[in-house]
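Notes for the one structure printed next.
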Amino acid sequence: MKLELNKVCRSFDSRHALLDASASFEKLQSLVLIGPSGGGKSTLLRIIAGLETPDSGSVIVNEKRIAFDEASLVLHRRDIGVVFQSFNLFPHLTALENLLLPLTVAHGHSKTHARDLALHILSRFSLEGHANQKPTSLSGGQKQRIAIARALVTQPKLILLDEPTSALDPEMTNEVLEMVDELRNQGRELILVTHEMAFASRAADQVAFIADGRILESGPPGELFSTPRTPQLQTFLSKEIRR
Amino acid sequence: MSKLTLLFNRTLVLRERQEGATRAQLWINAALVLLIGIALGGFALKRANLSWQWDLLTPYWRLYLDGWKTTLTLSACSLLTSAVIGVTLALSRRSRILPLRYAAVCVVEFIRSTPLLVQIYILFYIGAEAVHLENRFIAGTITLSLFSGAYISEIVRSGIEGVGKSQIESAKAIGLTRFQTYRHVIFPQALRASLPSLAGQFVSLVKDSSLLSIIGLNELTQSARNVASFTFSNFESYLVLAAGYCICTVPLSLWARGLENRMRYET
Ligand SMILES: Nc1ncnc2c1ncn2[C@@H]1O[C@H](COP(=O)(O)OP(=O)(O)O)[C@@H](O)[C@H]1O
Ligand SMILES: [Mg+2]
């Protein structure tokens with residue numbers, strides 16, 4: 001994937017969430033965003049997902065500049081899979097129906113074809129046993145894995161995950177991280193926000209550090225974690241390691 | 001405590017932690033309440049010095065039947081139209097087109113803060129007159145649908161607002177359009193959440209239709225009034241009237257109760 005951010009700004013009630021965030025990444029499979037909370041990671045991810053519109057600046061994903069009008073955004077969103085911190089499965093639908101909805105309604109697949117695709121993905125991640133369960137009867141880890149399956153099932157070019165393990169009990173964190181690992185091994189392109197530093201250093205091609213609405217540093221995880229250049233990253237890393 | 005009071009308490013009062021009445025408790029207490037009701041009613045009748053004259057009504061059974069049929073069709077038509085109006089008003093209130101939004105607010109608030117009686121007069125003597133609508137049935141259906149639609153719009157609106165922002169966001173994220181989001185994510189959940197209240201509103205609608213007798217619509221209440229004036233037997237005629245409404249409303253109420261119970265276990 002190629003990702004280019006040019007002076008992306010976004011403020012809420014005259015408070016900056018992103019202020020001239022710029023960066024450029026090429027030939028990248030997995031990008032991990034780290035940084036203190038409130039720094040603007042989610043806002044950036046939501047802009048890339050087409051769920052939020054920047055006040056100024058431009059975002060280019062794979063040579064294509066995102067057009068922020070509603071009609072183009074609907075199409076853009078169909079090319080991207082998003083996984084939220086709080087799962088966000090549709091509670092009135094079973095796990096299988098949660099996967100069918102994007103396939104049949106957004107992508108116009110026939111019911112039978114959609115069913116085949118959905119069941120294939122579910123069984124691939126050993127989730128087929130939960131196909132007919134409603135979200136309320138699933139554990140947090142199971143919900144999040146189904147949410148990831150829903151993001152995958154339409155074969156998006158890019159998958160965005162915003163702190164997919166933060167709302168989980170520690171014992172469920174691993175099952176979700178393993179699934180993210182598997183995505184990477186399958187060659188899927190992804191951008192992940194996480195506080196799991198060990199996982200970040202293992203799974204990232206590139207890490208970007210975001211604080212105060214800016215991308216302060218980026219680079220391969222080994223380099224970034226061993227020789228942080230900005231004082232903000234140094235403080236952040238020492239805090240994260242002490243956790 | 002004597003054995004008798006203990007027995008009384010066991011039968012009449014639920015014990016702490018006891019969830020519902022046992023079958024025996026149900027029958028004994030229901031019978032008790034029924035008996036007290038009959039006794040009170042009988043006492044009142046005796047004091048009021050009424051004598052039953054049911055036979056006076058029998059020649060008019062056709063009038064009742066016709067009125068009842070009219071009430072039933074009127075309610076059924078209004079039920080459908082009011083549902084359409086209710087959803088339209090609720091959506092208008094959420095519209096990004098501001099004139100539409102404010103118009104919906106005004107209509108809903110006006111209807112909810114004035115008596116149905118006044119609305120019937122306004123719609124019939126001004127609205128219907130202005131467009132030369134002479135059919136009372138249609139005029140009545142429109143009035144009742146607007147009235148009930150305003151209440152339904154509030155029920156639907158709170159149902160829609162009950163669907164969280166995060167779900168609307170995930171609907172967007174999987175690539176649904178605004179329309180698809182309403183159709184597949186918001187409406188199914190909003191409907192499920194508001195069905196019990198909607199059923200309750202439909203019961204009210206059936207009873208509210210009785211006010212349309214004031215514009216001379218020959219529905220059940222009008223029939224009862226006519227029979228009462230022919231026979232001078234107010235009490236009997238209106239008891240038949242009450243029974244006629246119960247036949248329509250009790251099944252609706254039971255349905256609403258059933259829905260409420262089911263919802264409690266589902267979520
Ligand atoms: N929808 C919103 N409305 C108001 N403020 C917001 C909104 N989204 C984000 N913000 C603000 O923008 C800043 C950055 O938030 P966010 O992107 O969520 O940070 P992070 O994900 O790094 O914790 C925060 O100060 C947050 O309060
Ligand atoms: Mg965040």
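The values are calculated or read from the model by the stated rules, or taken from the named source; none is laboratory data. What you see is a predicted model; the values in this text were computed from it and never measured. All Cβ positions, even for glycine, are placed from backbone atoms using ideal geometry, and neighbour counts span all protein chains on display. Side chains included, ligands, DNA and RNA excluded: accessible areas come from the protein's heavy atoms. Shrake-Rupley method; radii C 1.70, N 1.55, O 1.52, S 1.80 Å.
Numbers at a glance
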read-out: Qualifying residues in region A:36-54 (those that are within 16 Å of ligand 2 (Cβ to nearest atom) and exposed (fewer than 14 other Cβ atoms within 10 Å of the Cβ)) - the one nearest to A:Ser11 (Cα to Cα); value: A:Gly38
read-out: Number of the exception - A:Ile60 against (1) within 14 Å of chain B (Cβ to nearest Cβ); (2) closer than 26 Å to A:Ser218 by Cα; value: (1)
read-out: Test: residue in region A:68-88 that is away from ligand 1 (no atom under 12 Å from the Cβ), in contact (Cβ under 8 Å) with a residue 24 or more places away in the chain, within 11 Å of chain B (Cβ to nearest Cβ) and hydroxyl-bearing (Ser, Thr, Tyr); value: yes
read-out: Residue within region A:55-71 that is surrounded by 19 or more Cβ atoms within 10 Å (Cβ to Cβ), closer than 24 Å to B:Arg183 by Cβ and among the β-branched types (Val, Ile, Thr) present; value: no
read-out: Count of region B:11-46 residues which are open to solvent by 80 Å² or more (accessible area, probe 1.4 Å), of a type outside the set (A, V, I, L, M, F, W, C) and under 22 Å from B:Ala242 (Cα atoms); value: 1
read-out: Filter result for B:Gly164 (within 10 Å of another protein chain (Cβ to nearest Cβ) and surrounded by fewer than 22 Cβ atoms within 10 Å (Cβ to Cβ)); value: yes
read-out: Total residues in region A:20-55, condition touching a residue at least 60 places away in the same chain (Cβ under 8 Å), away from chain B (no Cβ under 14 Å), touching a strand residue (DSSP E or B) at 6+ places or on another chain (Cβ under 6 Å) and more than 10 Å from ligand 1 (Cβ to nearest atom); value: 9
read-out: Test: residue in region B:64-81 that is over 31 Å from the mean Cα position of the chain (by Cα) and of a type outside the set (S, T, N, Q); value: no
read-out: Single residue of B:Val105, B:Val84 found to be part of a helix (DSSP H, G or I), more than 20 Å from B:Asp208 (Cβ to Cβ) and at pLDDT 95 or above; value: B:Val105
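This table checks each residue for (1) over 30 Å from A:Leu100 (Cα atoms); (2) open to solvent by 20 Å² or more (accessible area, probe 1.4 Å); (3) free of Cβ contacts under 8 Å to residues at least 12 places away in the same chain.
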{"site": "B:Gly175", "(1), (2), (3)": "no, no, yes"}
{"site": "B:Gln189", "(1), (2), (3)": "no, yes, no"}
{"site": "B:Arg192", "(1), (2), (3)": "no, yes, no"}
{"site": "B:Gln222", "(1), (2), (3)": "yes, yes, no"}
